[in-house]
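See structure below.
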Amino acid sequence: RTGPARIRTARTRTARTTGGPPVTTGDFEGLAALVTGGASGIGAAIAATLRDRGARVAVLDRDPSGAPDGTLALKADVTSDEAIRTAVDAAVSEFGALHTLVGNAGIGAIGSVEDNSDEEWHRLLDINVLGLVRTARAALPHLRAAAADRPGAVSITHTCSIAATAGLPQRAAYSASKGAVLSLTLAMAADHIREGVRVNCVNPGTADTPWVGRLLDQAPDPAAERAALEARQPTGRLVSADEVAAAVAYLASPAAAAVTGTALAVDGGMQGLRLRPA
Ligand code: NAD
């Protein structure tokens with residue numbers, strides 16, 4: 001465990017958003033959240049958004065150095081059951097309860113089934129799928145306990161991907177892992193609805209995060225590759241991490257008390273639209 005960062009209560013701090021009015025609600029006031037992979041990219045945006053909307057937030061990450069200010073940074077790898085349990089217990093002992101779990105930590109892999117070894121498949125599934133299972137297992141007793149006090153406000157949200165259903169080229173192992181995340185989300189929603197725990201996922205399209213930056217940097221001409229990637233988006237731009245975070249915050253908020261077993265696409269229309277070629 002790295003030293004706990006300063007915890008700040010934030011009733012009406014202005015959230016960082018891309019476009020639209022600033023979010024100044026305190027709809028997470030009194031709620032405690034834990035975000036895995038919350039030290040970079042989408043997870044860091046989720047942690048900052050929940051914090052700005054009033055939650056006390058713990059970040060569980062194998063490298064928590066980038067955890068947003070005002071969050072409790074916890075070092076743990078989601079491949080370790082023991083490390084996860086220690087981190088979840090640390091968050092609950094700091095906050096007194098846990099209402100919101102966001103399972104977001106994940107890694108990518110490029111290639112067809114002929115390209116990735118069994119070891120690469122096992123590693124990907126271990127992090128992207130079993131990582132969520134282990135985290136939920138450690139958190140569920142606390143979530144169940146919190147549900148009695150805050151009906152409708154207790155939830156698990158997974159960061160899935162449009163890769164779960166899109167048939168993307170050169171993403172066999174990654175897509176299979178995210179397909180499993182989608183099915184897992186639906187099955188968990190069914191298992192825990194009567195316990196007052198809602199379970200949903202977001203399906204981001206290509207989001208502008210350090211991960212995507214690392215992929216682009218491998219191209220011979222990163223700027224040209226980025227322009228080509230943007231041109232493939234119906235909106236002509238990548239999704240921002242803050243936009244994904246806003247969707248997660250909605251799904252986790254009391255406003256979504258009737259929403260469970262749902263996958264919310266935040267993909268700039270990538271999957272739903274059938275645009276005619278220009
Ligand atoms: P990122 O690499 O910027 O951040 C991932 C974070 O997860 C990092 O802080 C990393 O340290 C942490 N992490 C990775 N493996 C871990 C492990 N074993 N244990 C603990 N922490 C671990 O990536 P991102 O783009 O923000 O992606 C976050 C999630 O969003 C992933 O699940 C990814 O599949 C999903 N996603 C991303 C995109 C995209 O285009 N960026 C699109 C769809 C879905």
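Just so you know, all these numbers are worked out from the coordinates, no wet-lab data involved. What you see is a predicted model, and the numbers here were worked out from it, not measured in a lab. When we count neighbours, we look across all protein chains shown, and the Cβ atoms used for this are built from the backbone with ideal geometry, even at glycine.
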With the charge dipole of the range 184-232 built from beta-carbon charges (+1 for Lys and Arg, -1 for Asp and Glu) about the Cα centre, the Cα from PRO210, ASN200, PRO220 projecting farthest to the positive end belongs to ASN200
Fewest Cβ neighbours within 10 Å first, please rank VAL88, VAL202, VAL212 accordingly.
VAL212, VAL88, VAL202
Cα radius of gyration and Dmax for the range 28-68 (Å)
9.2, 27
Could you tell me which of VAL57, ALA73, GLY152 has its Cα farthest along the dipole of the range 37-164 towards the positive end, charges placed at Cβ (Lys, Arg +1; Asp, Glu -1), taken about the Cα centre?
GLY152
Sites ASP115 and ARG274, calculated FRET efficiency, Cβ-Cβ separation with R0 35 Å, nearest 0.05
0.75
Can I get the semi-axes of the range 153-215's equivalent ellipsoid? Compute them from the C-alpha gyration tensor as square roots of 5 times the eigenvalues, in angstrom, largest first.
26, 14, 7
Looking at the chain, identify the longest residue range that excludes and avoids all GluC sites (Glu not before Pro) in DSSP loops having at most 15 other Cβ atoms within 10 Å.
115-278
Over the Cα atoms of the range 184-228, what radius of gyration and what Dmax do you get, in Å?
18.1, 52
For the range 45-116, what D do you get in µm² per second when you plug the Kirkwood radius from alpha-carbon pairs into Stokes-Einstein at 10 °C and 1.306 mPa s?
117
Would you compute, for the Cα atoms of the range 101-207, the largest minus smallest coordinate along each principal axis and list the three values in descending order, in whole Å?
50, 24, 22
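Give me the dipole magnitude in Debye, nearest 20, for the chain about the Cα centre, with unit charges on the beta carbon: positive for Lys and Arg, negative for Asp and Glu. Show your work: numbers first, answer last.
On the way: 27 positive and 28 negative charges, 173 e Å.
It comes to approximately 840 debye.
To the nearest 20 Debye, how big is the dipole of the range 25-158 about its Cα centre, given +1 on the beta carbon of each Lys and Arg and -1 on that of each Asp and Glu? Show your work: numbers first, answer last.
On the way: 11 positive and 18 negative charges, 120 e Å.
The dipole of the range 25-158 has a size of about 580 debye.
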Along the positive direction of the dipole of the chain (beta-carbon charges: Lys, Arg +1; Asp, Glu -1; about the Cα centre), which of THR86, THR100, GLY43 reaches farthest?
THR100
Give the long-range amide H neighbours of ALA265: residues separated by 5 or more places, or on another chain, with amide H under 5 Å away, using H modelled in the peptide plane at 1.01 Å from N.
ASN203
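Report the percentage of all Cα-Cα pairs in the range 126-278 whose separation exceeds 23 Å, rounded to a whole percent.
Numbers: 4911 of 11628 pairs.
That tail contains 42 percent of the Cα-Cα pairs.
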Could you give me the percent of Cα pairs per 10 Å distance bin for the range 122-173, shortest bin first, beginning at zero and ending with the bin that holds the maximum distance?
20, 38, 26, 15, 2
Over the chain, what portion of Cα pair distances is larger than 34 Å, expressed as a whole percent?
15
Stretched fully, the stretch from THR79 through GLN233 gains (0.36 nm per residue minus C-alpha distance, one decimal, in nm) 52.1 nm
Whole-Å distance, taken between Cα centres, linking the range 216-230 and the range 37-56
28
Quick check for me: using +1 on Lys/Arg Cβ and -1 on Asp/Glu Cβ, what's the dipole size of the range 85-233 about its Cα centre, in debye to the nearest 20?
600
